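Notes for the one structure printed next.
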Amino acid sequence: MKKEHKLKDIAAELGVSPAAVSIVINHRKGVSTETRARISAVLEEYGYSVEKKEEAFSEFRDKASFHRSIRFLKYKNSAILVEENGNFVSSIIDSLEEECRKLGYRLVITSFGPENKEEIYHMVSSDPLDGIVVLGTELEAHDLPIFERLSVPVILVDTPAPGHSLNCVTMNNEEIVEKAMDYFFSLGHRDIGYLHSSMNTGNFSARFQGYQNAVSRLGLSQAEERIYCLTPSMAGAYQEMSRLLDQGADLPPALLADNDMIALGCSRALKDKGFRLPQDYSIVGIDDISFSAICAPPLTSVRVPCKELGAQAVQLLHYKLKNPGTAPAKILVSGELIIRRSAVPTGELKS
């Protein structure tokens, strides 16, 4: 069978990206030794030439003697938060790559999910490289202990990892939510509902705690019927909010969402049912994804500095490599309230 299989078919068979197969067949750097060997074996089986060219790797070996290598683990569970949350996660990854270049690190990116999680964990345990940065956006609590057992520094980004002795860089979720609640309070709102993610992640748990803190601090009534659990995607939130409205849900006039995707999905559902925004309902989101600025009405949101998350994760790993044995550090990055036109003072409601 001589080259009857396309590279994308070989990639699918191996569970790797087409880019990884291209890297191997073109003798470029960018994949681990183990992955290169697996891909090479299958390529040779289907008639592709993957002879090692010493000149192709000599420059890489010379550079490797001066640069350390970082493995970036990109975990996708449902992929709702990693792939569908606007440009949020991609901005983190872009800044991480840029900071690695500045500090002279070679970055090896490994994407994985529930279907090959155990295989990747075994690979990382045996070949962790010099350090690891983990995208923790969709990691669950039971996934964290393995990273505490690794022999190299590990930095989790975009998850607070409560209860674990792990380094992490994430947004200050509780402060971010309290900032949004204070804004609603300044507009005169006292009945504020919470559009809570049905997906249980470290970030969403911390945001819900921030909501509860603000309700208590501001002296607001705390009622469970003012908390609505929704899928943290635009399509999911739209469908579920539409169903709530069809069932006659009595929503409060102010709604704070766990993320912009929920806010945008719910806004669309409310408008499709004939409600006016913000005259009937004021809505505030979190993350400030790019679409939030151009929707109608433009969404007030708390901007999370994604670039800082990625950059500070690499900087913290750089520090840990130079100072082994130091105590775990948890860096919390503050957000900025971006005021647009989706929330108005109580005096302007239903006017």
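The values are calculated or read from the model by the stated rules, or taken from the named source; none is laboratory data. Everything numeric in this text was worked out from a predicted model, so none of it was measured. No Cβ is skipped: glycine too gets one built from the backbone with ideal geometry, and neighbour counts run over all protein chains shown.
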Among the listed residues S282, S233, identify the single one that is crowded, with 19+ Cβ neighbours inside 10 Å, in the same structural domain as I192 (by TED's automatic domain parsing) and out of contact with any helix residue (DSSP H, G or I) (no Cβ under 7 Å at 6 or more places or on another chain). S282
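Quick check on the stretch 121-133. Is at least one of its residues touching an Asp or Glu at 6+ places or on another chain (Cβ under 8 Å), within 21 Å of P160 (Cβ to Cβ) and in contact (Cβ under 8 Å) with a residue 24 or more places away in the chain?
First pass over the stretch 121-133, keeping only residues touching an Asp or Glu at 6+ places or on another chain (Cβ under 8 Å): 123, 127.
Then keep just the ones that are within 21 Å of P160 (Cβ to Cβ); that gives none.
Looking for residues that are touching an Asp or Glu at 6+ places or on another chain (Cβ under 8 Å), within 21 Å of P160 (Cβ to Cβ) and in contact (Cβ under 8 Å) with a residue 24 or more places away in the chain, one finds none in the stretch 121-133, hence no.
Would you kindly identify the helices (runs of 4 or more DSSP H) lying entirely within the stretch 133-236 that contain at least 3 residues that are within 17 Å of V304 (Cα to Cα) and within 19 Å of the chain's Cα centre (by Cα)?
On the way: elements: 145-148, 173-186, 202-217.
Correct list: 173-186, 202-217.
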L156 passes all but one of (1) modelled with pLDDT of 90 or more; (2) farther than 22 Å from I93 by Cα; which number fails? (2)
Please tell me if V108 is among the β-branched types (V, I, T), surrounded by fewer than 21 Cβ atoms within 10 Å (Cβ to Cβ) and farther than 30 Å from P345 by Cα. yes
Just one of (1) outside the structural domain of R217 (by TED's automatic domain parsing); (2) farther than 21 Å from L321 by Cα; (3) touching a residue at least 12 places away in the same chain (Cβ under 8 Å) trips up G193, so point out which. (1)
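If you scan the stretch 250-262, which residues turn out to be closer than 21 Å to Q222 by Cβ and in contact with a strand residue (DSSP E or B) (Cβ under 8 Å, 6 or more places away or on another chain)?
First, the residues of the stretch 250-262 that are closer than 21 Å to Q222 by Cβ: 250-258, 262.
If the condition is that a residue be closer than 21 Å to Q222 by Cβ and in contact with a strand residue (DSSP E or B) (Cβ under 8 Å, 6 or more places away or on another chain), then L251, P252, P253, A254, L255, L256, A257, D258, I262 are the ones that fit.
Count, please, the residues in the stretch 238-264 that happen to be farther than 28 Å from G347 by Cβ and crowded, with 24+ Cβ neighbours inside 10 Å. Write out each step before concluding.
First pass over the stretch 238-264, keeping only residues farther than 28 Å from G347 by Cβ: 238-240, 242-243, 246-247, 259, 261.
Add one more test, that the residue is crowded, with 24+ Cβ neighbours inside 10 Å, and what stays is 259, 261.
Of the residues in that region, 2 qualify.
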Can you list residue pairs whose Cβ atoms sit under 7 Å apart, with the first residue in the stretch 1-16 being modelled with pLDDT of 65 or more and the second being assigned to a loop (DSSP other than H, G, I, E, B)? Count only pairs 6 or more apart in sequence or on different chains. I10/Y46; A11/S17
Say we look at the stretch 73-109 and pick out the residues that are in a strand (DSSP E or B) and under 13 Å from the mean Cα position of the chain (by Cα); which of these is modelled with the highest pLDDT? L73
What number of residues within the stretch 309-328 satisfy the criterion of being of a type in the set (G, A, S) and without any contact (Cβ under 8 Å) to a residue 40 or more places away in the chain? 2
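Could we say that P114 is within 18 Å of V82 (Cβ to Cβ) and either at pLDDT 90 or above or under 15 Å from the mean Cα position of the chain (by Cα) (or both) here? Reasoning before the result, please.
Numbers: within 18 Å of V82 (Cβ to Cβ): yes; either at pLDDT 90 or above or under 15 Å from the mean Cα position of the chain (by Cα) (or both): no.
So P114 fails the test.
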